[in-house]
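Quick notes on the structure that follows.
Only the coordinates and a few stated rules stand behind these numbers; no lab work does. The model shown is predicted, which means the values in this text are computed figures rather than measured ones. Here the Cβ positions follow ideal geometry from the backbone for every residue, glycine too, while neighbour counts run over all protein chains shown.
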Amino acid sequence: MPCTCYEDQHTEWCWEHPLKAKARQDARDAASVWLDNWRDNMMAACGEKAANTILVWQHYKAPEVFETWDLASQDDMDWIAAIPPGIDYVAWADYGGGFGCCDVEEVELPNGWRLRYGYHS
Ligand SMILES: [Zn+2]
């Protein structure tokens, strides 16, 4: 959803402010690198099928690189899932279930992985 700032004059609180947009892009790039490295290591150890592995963490136990740099509310977040390219639909990580009974946000990373965030309110 676009912001409501006056004529592209984003306030420092606006998430579309250029500095925040830059930080968000840097964070997405870092998350992409982390996931590519993780998958390369897993495939070296476990073979091709490791490319289809979905990762899931409790919010506060996720690696720092997956901190929610561009999502409004972290307090009510329960789960973070990282879904690799090629897996289109993950029913259990959808809205309304145990993963995110009240909300699910999704961020697509530059390398095609998708991060899903599950909220309990
Ligand atoms: Zn704005």
Once amide H atoms are built 1.01 Å from N in the peptide plane, which residues 5 or more positions from W79, or in another chain, come under 5 Å H to H? H59, G118
Mark the label point 7 Å from the Cα of S32 along Cα→Cβ and return the residues of region 80-119 whose backbone N is within less than 16 Å of it. 83-86, 107-115
In nm, to one decimal, how far is the modelled label at K49 from the one at K22, with both set 7 Å along Cα→Cβ? 4.6
I want the antiparallel fraction of DSSP beta bridges within the chain, as a percent rounded to 5. 95
Roughly speaking, what is the stretch gain from D75 to A91, that is 0.36 nm per residue apart minus the C-alpha to C-alpha distance, in nm to one decimal? 3.4 nm
Magnitude of the charge dipole, region 1-70, Cβ model with Lys/Arg +1 and Asp/Glu -1, debye to 20: 320
In the neighborhood of S121, defined by Cβ-to-Cβ distances under 12 Å, what is the net charge if each Lys or Arg adds +1 and each Asp or Glu adds -1? -4
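Calculate the dipole size of the chain relative to its Cα centre from +1 charges on Lys and Arg beta carbons and -1 charges on Asp and Glu beta carbons; express the result in debye to the nearest 20.
420
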Go through V104, A23, T53 and say which Cα lies farthest out towards the positive end of the charge dipole of the chain; charges sit on Cβ, +1 for Lys and Arg, -1 for Asp and Glu. T53
Quick note on I87, I80, ordering by fewest other C-beta atoms within 10 Å, gives I87, I80
Taking θ as phi - 60°, what are the ³J(HN,Hα) couplings along region 16-32 by the Karplus curve (6.51, -1.76, 1.60), each to the nearest whole Hz, with x for Gly and Pro? 9, 3, x, 5, 6, 4, 5, 4, 5, 5, 4, 5, 5, 5, 5, 5, 4
